[in-house]
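Participant: Quick one: structure below, then a few questions.
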Amino acid sequence: METIHLRTVLVTAVAPAAWGTTYLVTERFLPPDRPFFSAAVRALPVGLVLLAWTRQLPPRGWWGRAIALGLCNIGLFFPLLFLSAYRLPGGLAATVQAASPLVVMALAWPLIRERPTVLRVAAALVGLTGVALLVLRSPGGADPSASPRRSAPWSSRASASC
């Protein structure tokens, strides 16, 4: 049996902790309704640090691939992430994210022929239900036209729950 070390647990917790702050940081510290600016602020410093650290650009044959990967992973994802952070209550976003194990199981079945087991589906449903019960208590819903700062009924509670 594998021994779990505290360092492994702490390193594993860094990504969810960083991603979990997106809604709070967006609401409290970033200018309203600027998803492209917010995406650039999130991605550009890290990219520049990595470039300074490695001190080399990708090989010539990788430029097209690097651009395609950059657009998919950062160029499209981050602006959409911040757009949702500006438009959705944090509780609703957390509940949608908690459904991702079910989505992955649904995609794995036809794509790699891995059938979901009853235990996995039940565990995913329990997790989804738990998140929904914890965070879906705000009276507001998705607002396609307003920033959370401008539609106050749910903004402070939603960001505090993430």
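Participant: Check Ala68 against each of (1) modelled with pLDDT of 85 or more; (2) open to solvent by 70 Å² or more (accessible area, probe 1.4 Å); (3) closer than 21 Å to Phe82 by Cα and name the one condition it does not meet.
Facilitator: Every listed condition holds for Ala68 apart from (2).
Participant: Residues in the stretch 76-98 that are free of Cβ contacts under 8 Å to residues at least 40 places away in the same chain and either in contact with a Lys or Arg (Cβ under 7 Å, 6 or more places away or on another chain) or crowded, with 17+ Cβ neighbours inside 10 Å (or both): how many?
Facilitator: Counting residues in the stretch 76-98 that are free of Cβ contacts under 8 Å to residues at least 40 places away in the same chain and either in contact with a Lys or Arg (Cβ under 7 Å, 6 or more places away or on another chain) or crowded, with 17+ Cβ neighbours inside 10 Å (or both) gives 2.
Participant: Can I ask one more? So which residues in the stretch 59-93 are polar (S, T, N, Q) and over 22 Å from Pro32 (Cβ atoms)? Working first, answer last.
Facilitator: Filtering the stretch 59-93 for residues polar (S, T, N, Q) gives 73, 84.
The one that is polar (S, T, N, Q) and over 22 Å from Pro32 (Cβ atoms): Asn73.
Participant: Please list, ordered by residue number, the helices (runs of 4 or more DSSP H) wholly in the stretch 80-162 having 2 or more residues that are modelled with pLDDT of 80 or more.
Facilitator: Details: elements: 90-98, 100-112, 118-135, 152-160.
Those helices (runs of 4 or more DSSP H) span 90-98, 100-112, 118-135.
Participant: Let me ask something else about it. How many residues are open to solvent by less than 60 Å² (accessible area, probe 1.4 Å) and either charged (D, E, K, R) or not in a loop (DSSP other than H, G, I, E, B) (or both) if we restrict to the stretch 40-60?
Facilitator: To start, the set of residues in the stretch 40-60 that are open to solvent by less than 60 Å² (accessible area, probe 1.4 Å) comprises 40, 43, 47, 58.
Imposing the further condition that a residue be either charged (D, E, K, R) or not in a loop (DSSP other than H, G, I, E, B) (or both) reduces the set to 40, 43, 47.
Number of matching residues: 3.
Participant: Tell me whether the stretch 20-39 contains one or more residues that are open to solvent by less than 90 Å² (accessible area, probe 1.4 Å), part of a helix (DSSP H, G or I), of a type in the set (A, V, I, L, M, F, W, C) and without any contact (Cβ under 8 Å) to a residue 24 or more places away in the chain.
Facilitator: Yes: one or more hits.
Participant: Sticking with this structure for a sec: Quick one: Ile4 ticks every box in (1) under 27 Å from Gly127 (Cβ atoms); (2) part of a helix (DSSP H, G or I) except a single one, so which number is it?
Facilitator: Looking at each condition in turn, Ile4 falls short on (2).
The values are calculated or read from the model by the stated rules, or taken from the named source; none is laboratory data. Just so it is clear, the model here is predicted, and its values are computed rather than measured. Backbone-built Cβ (ideal geometry, glycine too); neighbour counts: all protein chains shown. Areas reflect the complete protein model, heavy atoms only, side chains present, ligands, DNA and RNA absent. Shrake-Rupley method; radii C 1.70, N 1.55, O 1.52, S 1.80 Å.
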